[in-house]
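Inspection log for the structure reproduced underneath, given as structure tokens.
The values are calculated or read from the model by the stated rules, or taken from the named source; none is laboratory data. The model shown is predicted, which means the values in this text are computed figures rather than measured ones. A quick note on method: Cβ atoms are made from the backbone with ideal geometry, for glycine too, and the neighbour counts reach across all protein chains shown. When the accessible area is computed, the model is the full protein with side chains, heavy atoms only, and any ligands, DNA or RNA have been set aside. Shrake-Rupley method; radii C 1.70, N 1.55, O 1.52, S 1.80 Å.
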Amino acid sequence: QQQVKQSPQSLIVQKGGIPIINCAYENTAFDYFPWYQQFPGKGPALLIAIRPDVSEKKEGRFTISFNKSAKQFSLHIMDSQPGDSATYFCAASTNDYKLSFGAGTTVTVRA
Amino acid sequence: NAGVTQTPKFQVLKTGQSMTLQCAQDMNHEYMSWYRQDPGMGLRLIHYSVGAGITDQGEVPNGYNVSRSTTEDFPLRLLSAAPSQTSVYFCASSWRGAGETQYFGPGTRLLVL
């Protein structure tokens with residue numbers, strides 16, 4: 001049973017659109033919420049991460065929104081580009097040594 | 001810095017065979033971990049290590065064995081391969097634990113017939 005539920009499974013947007021990926025969790029002990037980006041045939045790479053003491057974090061065109069009371073967090077990709085086409089994973093960990101991943105979302109940005 | 005390296009890139013095994021997936025990092029990271037990636041299931045933690053000589057189980061440890069004799073290396077052993085172990089395996093490392101940036105290797109694609 002996955003501890004982090006991610007949706008949608010896939011989505012397609014036009015260049016310049018804003019894909020939004022949502023994740024939900026139950027374990028209130030989670031205190032670190034990263035997003036990883038994976039291109040075909042490669043290992044995942046950290047994109048952006050947030051801790052529950054802030055509600056939003058931006059890095060370039062990527063924004064995490066975090067809602068602690070709803071136990072949800074989401075990734076927005078502003079002004080999306082074809083090069084952003086990849087699989088995105090949300091994840092969460094407590095103050096220990098285990099990272100739990102969502103099932104992944106395949107994003108396709110059409111030119 | 002090579003970062004995290006994994007060998008082999010691709011392997012075909014027959015049911016019942018054993019093999020070792022190699023993982024090495026040159027960043028002097030204390031924490032290393034192994035994940036398997038299956039379609040629709042994300043990455044699932046198999047085993048992890050917080051330092052040389054210290055390992056522990058993750059979410060899906062059955063059928064896998066690990067050891068950590070040096071800081072650099074963290075091999076994953078399949079004792080008796082089963083078709084259910086067909087997957088892509090990723091090794092990752094970080095300075096101290098799961099609550100920080102994980103650096104992933106390029107993966108090993110394993111097919112068990």
Original post:
With respect to residue B:14, is the statement that it is away from chain A (no Cβ under 11 Å) and among the basic types (Lys, Arg) true?
Top reply: yes
Subject >> Output for segment B:62-113, where each listed residue is among the β-branched types (Val, Ile, Thr) and at the interface with another protein chain (Cβ under 10 Å from one of its Cβ atoms) >> reply: B:88, B:101
**OP:** Would you check if residue A:99 is open to solvent by less than 60 Å² (accessible area, probe 1.4 Å) and within 14 Å of chain B (Cβ to nearest Cβ)?
**Re:** yes
**OP:** For segment B:60-71, name all the residues that are open to solvent by 30 Å² or more (accessible area, probe 1.4 Å) and either without any contact (Cβ under 8 Å) to a residue 12 or more places away in the chain or within 13 Å of the chain's Cα centre (by Cα) (or both).
**Re:** B:60, B:62, B:63, B:65, B:67
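For (1) in contact with an Asp or Glu (Cβ under 8 Å, 6 or more places away or on another chain); (2) without any contact (Cβ under 8 Å) to a residue 24 or more places away in the chain; (3) open to solvent by 30 Å² or more (accessible area, probe 1.4 Å), each residue gets a yes or a no:
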{"residue": "B:2", "(1), (2), (3)": "yes, no, yes"}
{"residue": "B:14", "(1), (2), (3)": "no, no, yes"}
{"residue": "B:34", "(1), (2), (3)": "no, no, no"}
{"residue": "B:40", "(1), (2), (3)": "no, yes, yes"}
{"residue": "B:51", "(1), (2), (3)": "yes, yes, no"}
{"residue": "B:80", "(1), (2), (3)": "no, no, yes"}
{"residue": "B:92", "(1), (2), (3)": "no, no, no"}
{"residue": "B:101", "(1), (2), (3)": "no, yes, yes"}
Original post:
Could we say that residue B:30 is open to solvent by 20 Å² or more (accessible area, probe 1.4 Å), touching a Lys or Arg at 6+ places or on another chain (Cβ under 8 Å), more than 10 Å from every other protein chain (Cβ to nearest Cβ) and under 17 Å from residue B:1 (Cβ atoms) here?
Top reply: yes
